[in-house]
1. Treating the beta-carbon of each Lys and Arg as +1 and of each Asp and Glu as -1, no other charges, what is the dipole magnitude of segment 128-175 about its Cα centre, to the nearest 20 debye?
2. Using 1/(1 + (r/R0)^6) with R0 = 22 angstrom and r between the beta carbons of residue 121 and residue 31, what's the FRET efficiency to the nearest 0.05?
3. Each residue of segment 133-139 in order: what ³J(HN,Hα) in whole Hz does its phi give by Karplus 6.51 cos²θ - 1.76 cosθ + 1.60, θ = phi - 60°, with x for Gly and Pro?
4. Obtain the nm distance between the two label points defined at residue 164 and residue 133 by a simple spin-label model: each point lies 7 Å from its Cα along the Cα-to-C-beta direction.
Amino acid sequence: MDKKDFYKIYIKAHNNAVGLLSDAKTLFEKKKYPRAYFLAYTALEEISKSQLAADVYTEFIVEKDFWDKYRNHTSKINDIGWAHADANSYPYNYIWLGPDIDDVEATYPKEPLWEKRQNSLYIGIDKDDNIVVPENNITLEDAKEIIHIVDTALDRIIEITEYFGNQIGSKGFLK
């Protein structure tokens with residue numbers, strides 16, 4: 001691929017993450033917590049993909065590294081671990097749920113897990129042969145926490161690139 005194609009991937013994956021987050025919030029408002037969790041988790045993967053593409057574009061990583069991680073869900077989530085850490089430092093804002101700008105609370109979201117993502121969408125069978133359904137696996141708190149992580153990641157990307165003027169991609173976070 002050409003270097004400029006990675007810039008296009010960066011933009012499209014970022015925009016897709018924004019759309020997935022919007023859909024997750026809509027589902028959250030309708031109390032569809034498992035599917036909200038699934039979409040928010042997927043948004044995190046898309047943010048990670050966008051940052052990886054930006055890293056190729058800025059020559060922070062080589063193209064092979066992008067393709068190795070592009071195909072690996074857990075690797076993409078591991079690469080965006082900074083978002084989980086940052087989300088534990090920022091209060092959770094309910095502005096998207098209502099007009100009250102003072103409606104914030106401290107929250108300490110749990111780490112996004114691939115297994116939880118899978119359990120948010122699929123029927124499973126546990127070790128005791130019990131049928132497990134998404135509604136019994138993903139709570140309001142689970143969905144709220146991962147949405148907070150995605151919100152924080154997108155806010156930090158804007159902050160780093162636009163307010164601080166750093167370049168796109170991971171290098172801007174590592175300065």
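1. So the magnitude is around 540 debye.
2. Once rounded, the FRET efficiency stands at 0.85.
3. The phi angles translate into 10, x, 4, 8, 9, 10, 9 Hz.
4. Placing both labels 7 Å beyond Cα along the Cβ direction yields 4.6 nm.
All of the numbers you see were taken from the coordinates with simple rules; none came from a lab. Here the structure is a predicted model, which is why all the values come from computation and not from measurement. In this analysis, Cβ positions are derived from the backbone assuming ideal geometry, glycine residues included, and neighbour counts consider all displayed protein chains.
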